[in-house]
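The values are calculated or read from the model by the stated rules, or taken from the named source; none is laboratory data. Computed from a predicted structure; not experimentally measured. In this analysis, Cβ positions are derived from the backbone assuming ideal geometry, glycine residues included, and neighbour counts consider all displayed protein chains.
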Amino acid sequence: MHSSDLASICRDASEKSANISVRSKLVNSAVELTSITAALITAVKNIDKNSNKEFDECLLQINKLRSSVDNLQKFLDNPDFGPIPAKISVAGRQAQQPLIGSTRKMLDASSEMIG
């Protein structure tokens, strides 16, 4: 996966989030990833001009990119992003009973016809 893909995913996820702080963190992560990647590309292109200085710059940008991705992963590993199990209310369960009951009767009748 390219960092531009990761930045796009962050932007898309931020648009779907209702939580302002989560949106802000995701947008900031996207901007940071894009900025660091651009700096890394520039440093790689400049390696030919001055190998020692630009090589050090590449290493610096690589470490920044790795750190940014690690921070984003830690943020997203937060249990708050985990799925919330569905719960059916008592009223919802009661509303389902006629359908469930008639389905069971139909399956039982079909089973008796076959067996």
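At-a-glance table
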| item | result |
| --- | --- |
| Pairs, first touching a residue at least 24 places away in the same chain (Cβ under 8 Å) in the range 3-17, second among the hydroxyl-bearing types (Ser, Thr, Tyr), C-beta under 6 Å, six or more apart | Ser3/Thr37; Ala7/Thr34; Cys10/Ser29 |
| Some residue of the range 48-56 being of a type in the set (Ser, Thr, Tyr) and loosely packed, with under 15 Cβ neighbours inside 10 Å | yes |
| Meets criteria (of a type in the set (S, T, N, Q), surrounded by 11 or more Cβ atoms within 10 Å (Cβ to Cβ) and under 31 Å from the mean Cα position of the chain (by Cα)) for Asn63 | yes |
| Criterion: assigned to a helix (DSSP H, G or I), touching a helix residue (DSSP H, G or I) at 6+ places or on another chain (Cβ under 9 Å), modelled with pLDDT of 80 or more and not hydrophobic (A, V, I, L, M, F, W, C) - qualifying residue of Ser29, Ser102 | Ser29 |
